[in-house]
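Working notes for the structure below.
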Amino acid sequence: MSPSLFVEQSLNGVQLGVMLFLMAAGLTLVFGIMNLINLAHGSLYMAGAFFAATVFQLTDSFTLAVLVAVPASALVGAFVEWAVLRRFYQRSHLDQVLVTFGLILVFNDVVRMIWGVVPVPLSPPDALSGPVHLFGGVEYPAFRLAILAVGALVALGLYIVVSHTRVGMWIRAGASDRPMASALGVDVELVFSLVFSAGAALAGLAGLMAGPITAVQVGMGEPILILALVVTVIGGIGSIRGAFVAALIIGIGDTFGRVLLPPALGSMVIFMLMAAILAWRPKGLFPVHG
Amino acid sequence: MKHSFRIAVLAGVAATFAASAARAQTPLKIGFVSSMSGPEGVIGRDLLDAFNLALKDKNNTMGGRPVQVVVGDDQVKPDVGRAVVDKMIDSDKVDLLTGINFSNVLLAVIKPILDSGKFYISPNAGPSQLAGKQCNPHLFSVGFQNDNNFEGLGKYMKEKGFKKIYFMAPNYPAGKDMLTGFKRYFGDAMQAEVFTAMGQLDYSAEIAQLRAAKPDAVVMFYPGGMGINFTKQYAQAGLMKDIPLYTGPGTVDQTTLGAIGDAAIGMYTGAMWSEFLDNPASKKFDADFEAAYKRIPSQYAAQGYDTGHVIQAAVDAVGGKIDDKAAFQKALENVKFDSVRGNFKFNTNHFPIQDYYLVQVEKDAKGRLVSALKQKIMSNLADAYVGDCQMPK
């Protein structure tokens, strides 16, 4: 592998990583703080992509698509939390898996009713549609660089919010000891709603960023959900930092695994990494609870 | 007076009932199993819409019997397909089955169908096993044998003098079939053969590798959503103008072009039908399909349409008596219908002998993306497995 190809593949790995991080951040917070397994997280990713595709088609402005799709996904998330999931915080994980799996089916059919079965178009904004020349003769798709930048900014923003603000303190308190946090006067219900909506917004952002490079179609959230769950588990449930590190490990591991190993092995790299890391650290890289 | 009038009316009504009861035949039930939900639901929809369109030509009757289509969804899962087929045979009591688009589903359900004595007419899936050793008197494939589409491409690209070919496909049976087909006519010397995971979303790593390899052309088979992902990413990497991209069925057609958008312009496909094919049946199909469904038909739709006409013509030929299996089989083998492909007949293994074309994605006069017909690349192509088939008499 030549140096420039190595650089390009590393960029690919990191870019896949930050993409997964956007998905996993919301999932890990919801799981860690609310103790809720939300399989419908992928549906919010799908919602983000479809909202963005519609707005982009109508207005021809990608910026506007982002400005509409992210809050719209957050609203959908808030509505689902309020209407359904709120009733399931105290129930067993199996009940949560069942109800959120049911939500996946409902979301898929609602999307099919509104947008139809044919995948909808969503292309990158014109300015980012081609490749750009980087140092050393590396050509890299401009839109993927944008994903990288957005992902890195979101990671930084989340770090600041979670580690250096009062809301972040509540979130961390909720994640490590819920009964104690509520005993100390944290409005747990409000924090839950906020966290869930923020997670939905991130999923929507991930969906709309993924839309221009993948197919925007019914069921697009399920494959990415599996990867996000792997990232969540490797990182340590509830840990934003863990999710970030794990997402990068998975992104880079998967990219180089696919290129360097035979196909059957290459597609298993993610799961072999997960098995190895969990054998070494059963609670993930950065466990939050005890 | 009034009294006798009432009796006359009653008698008339009764007579009408009796007459219609005598005329009404038992309906012919056709089980249509396909992928109707999920990302691949668009394929099942095109197959079924065009199939129904074909039946409308004779007001949904075949051989004097009204036709009832029972639709089932296999969800692209062999086990689900199996359950749907069992139900259709046992409780719906269908007379024959059709519809399946994925080879892995077909391979799982074909035995129970044939064991129950029903006929199966395949609109799409054409796995090599069923064309060769496991060929069956009651199994007919109207679509193609999987290898065929890439055989045409292989021949064309060899003639054009391409040397370094970079092949990519998902790691599953049809992907291997396509490569086998390509090599059968191109030769074994490929620059690279890359197989990726089924359902893969991101191809950036593979695209970086292929850019570094500097091939003359890329030949890929990514049906459905995978094709959308790959093609968008290939165009965004700026490769579409440098390295021509060739593919086979179901990758860049009317089921995916809308989603890929202008990124697909310039791509080549080896196909057995194009909406620009110049024959009366194809022209009628284009017009009827667009009038009925307000969209351009895909190749899947063309196959569904021909499948409807094959069944129609054969059932008409036996006067609706498909229980006479030998006669119905003979009617299918010698079926005469106006194929949208123009040139079509069944080989001795009940798979098609037909022509193949090179089509290229362009914009038509209305600014819509279409598969423009470039040239014929193969005439009267039979499949390579017909020699392995010993059709029981």
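Computed from the coordinates by the stated procedures, all read-outs in this text should not be read as laboratory data. Note that the structure is predicted; figures quoted are calculated from it, not measured. Note that each Cβ is placed from the backbone with ideal geometry, even for glycine, and that neighbours are counted across all protein chains shown.
Once Rg and the Kirkwood radius are both taken over the C-alpha atoms of region B:31-169, their ratio Rg/Rh works out to 1.04.
Restricting to chain B, compute how many DSSP beta bridges are antiparallel as a %, nearest 5. The answer is about 40 percent antiparallel. Pairwise Cα distances in region A:39-198 exceed 20 Å for 64 percent of all pairs.
Is it possible to state the helix-based mean residue ellipticity at 222 nm for chain B, with each DSSP H run of 4+ residues giving -39500 (n - 2.57), the sum divided by total residues, to the nearest 500 deg cm²/dmol? What is it?
After summing the helix terms and dividing by residue count, I get -13000 deg cm²/dmol.
Once the chain from B:D188 to B:E362 is taken as fully extended at 0.36 nm per residue, the excess over their C-alpha distance is 59.5 nm.
Note on the protein assembly as shown: Rg/Rh from C-alpha atoms, Kirkwood Rh, equals 1.03. Across peptide A:262-268, the mean count of Cβ atoms from other chains lying within 10 Å of each residue's own Cβ comes to 4.
Protection proxy ranking for A:104-110, A:86-92, A:228-234, B:116-122, using the average of other Cβ atoms within 10 Å per residue and placing the highest first: A:228-234, B:116-122, A:104-110, A:86-92.
Between B:K58 and B:S379, the modelled labels are 3.2 nm apart [label points 7 Å from Cα along Cα→Cβ]. Averaging Cα coordinates gives a centre for region B:62-100 and one for region A:1-40; these two points are 42 Å apart. Of the peptides B:370-376, A:204-210, B:231-237, the ranking by mean beta-carbon count within 10 Å, highest at the top, reads A:204-210, B:231-237, B:370-376.
Partner shielding of B:250-261 amounts to 3, given as the average count of beta-carbon atoms from other chains within 10 Å of each residue beta-carbon.
The mean of 1/r over all pairs of different alpha-carbon atoms in chain B, once inverted, gives a Kirkwood hydrodynamic radius of 22.0 Å. Residues in region A:142-148 carry Karplus couplings, in order, of 4, 5, 5, 5, 5, 4, 4 Hz; the curve used is 6.51 cos²θ - 1.76 cosθ + 1.60 with θ = phi - 60°, and Gly or Pro positions show x. Take each residue in A:9-18, count the other chain C-beta atoms within 10 Å of its C-beta, and the mean is 2.
Over the Cα atoms of region B:315-393, the radius of gyration divided by the Kirkwood radius equals 1.14; this is the Rg/Rh ratio.
Computed over chain B with a Gaussian network model linking Cα atoms closer than 10 Å, the most mobile of B:Q299, B:Q134, B:Q354 is B:Q134. For the cross-link pairs B:K133/B:K325; B:K214/B:K366; B:K77/B:K283; B:K183/B:K325; B:K160/B:K232; B:K58/B:K93, the ones whose C-alpha atoms lie over 28 Å apart are B:K214/B:K366; B:K77/B:K283; B:K183/B:K325. Annotation for region A:220-243 versus region A:127-188: alpha-carbon center distance of 14 Å. Footprinting exposure proxy ranking of A:T28, A:T59, fewest other C-beta atoms within 10 angstrom first, gives A:T59, A:T28. Estimated from the Cβ-Cβ distance and a Förster radius of 41 angstrom, the FRET efficiency linking A:Y159 and B:D262 is about 0.60.
Just to be sure I understand: if I project the alpha-carbon convex hull of chain A onto a plane and average over all orientations, what area do I get in nm²? Its average projected convex-hull area is 16.0 nm². Relative to the 2.2 N^0.38 Å rule of thumb, region A:235-287 has a C-alpha radius of gyration ratio of 1.17.
Counted by neighbouring Cβ atoms within 10 Å, the residues B:M226, B:M378, A:M113, A:M46 run from fewest to most as A:M113, B:M378, B:M226, A:M46. Express the Stokes-Einstein translational diffusion coefficient of region B:257-386 in µm² s⁻¹, to the nearest whole number, given a Kirkwood radius over alpha-carbon pairs, 4 °C and a viscosity of 1.567 mPa s. Here the translational diffusion coefficient equals 80 µm²/s. The shape of region A:94-165 comes out oblate: with a ≥ b ≥ c from the C-alpha gyration tensor, a/c is at least 1.5 while a/b does not beat b/c.
Residues in region A:269-290, backbone N under 14 Å from the label point at A:M180 (7 Å along the Cα-to-beta-carbon vector): list them, ranges by number please. Counting only backbone N, you get A:288-290.
Taking amide H as placed 1.01 Å from N in the peptide plane, B:M62 has its amide H under 5 Å from the amide H of B:V67, each at least 5 places away in sequence or on another chain.
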